[in-house]
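Please read the structure below before turning to the comments.
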Amino acid sequence: MIRAATPDDLDAIAALHTEARATYYRGHLPEAEYDGPAERARTRHAWSVALARAEPEAAVLRAEHDGVVAGVAAYRPVDGVMTLTQLHVSPAHWRQGIGTALHTACVTAWQHAGVRTARLQVFEHNTRAQAFYIRHGWYPDPGNPRHGTHLELRLAVPAPDG
């Protein structure tokens, strides 16, 4: 089940975010940069801000599986472009369709809002996520292919059916 996240989801979302990021940063960054006390505090604060955001074009969605928060996605306009800022699935729930369901929910919301293009950044070593996004129609941004250690991807949001 996917629904809008609420402040009551903060602890579960922050923990899921940290767990998921560790899977692709481990071996590429020092642990303190993705799982140290300062990073955990920064992560919790960032999610609390995202959950409190009152912009109508922004959302935090959470996926639940057997009563547990199993995935999270967040998006908002950044510099005038709809940006998928986060999409994480708990590693215990990989390959169960949760990421696809969250992605579909984001794209559907963008379609209804009239969004025609979106962007995201994905860590250069996170080949699992890159493959996921490519399967879902994302492509390298030809005008801005990199942002530091991250690749920039774009999506042409299809017009809504009917």
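State which helices in the chain qualify, where a helix is a whole DSSP H run, it must extend 27 Å or more along its own axis by its Cα atoms, and its mean Kyte-Doolittle hydropathy must be at least -1.0. Intermediate values should be presented prior to the final figure.
Working: long enough: none.
The answer is none, since no helix passes both cut-offs.
Rounded to the nearest 500, what is the chain's calculated 222 nm mean residue ellipticity when only DSSP H runs of at least 4 contribute -39500 (n - 2.57) each, over all residues?
Working: 5 runs with 60 residues, N = 162.
Roughly -11500 deg cm²/dmol at 222 nm, from the helical runs in the chain.
Along each of its three principal axes, how wide is the spread of alpha-carbon positions in segment 1-45, in whole angstrom units, largest first?
Largest first, segment 1-45 extends 33, 21, 10 Å along its Cα principal axes.
In debye, nearest 20: dipole of the chain around its Cα centre with unit charges on the Cβ of K, R (+) and D, E (-)?
Details: 16 positive and 17 negative charges, 60 e Å.
Dipole magnitude for the chain comes out near 280 debye.
Can you list, largest first and rounded to whole Å, the semi-axes you get for the chain by taking the square root of 5 times each eigenvalue of its Cα gyration tensor?
On the way: eigenvalues 104, 77, 49 Å².
Ellipsoid semi-axes (Å, largest first): 23, 20, 16.
Just so you know, all these numbers are worked out from the coordinates, no wet-lab data involved. The model shown is predicted, which means the values in this text are computed figures rather than measured ones. Methodologically, a virtual Cβ is constructed for each residue, glycine included, from the backbone with ideal geometry; neighbour enumeration extends over all protein chains shown.
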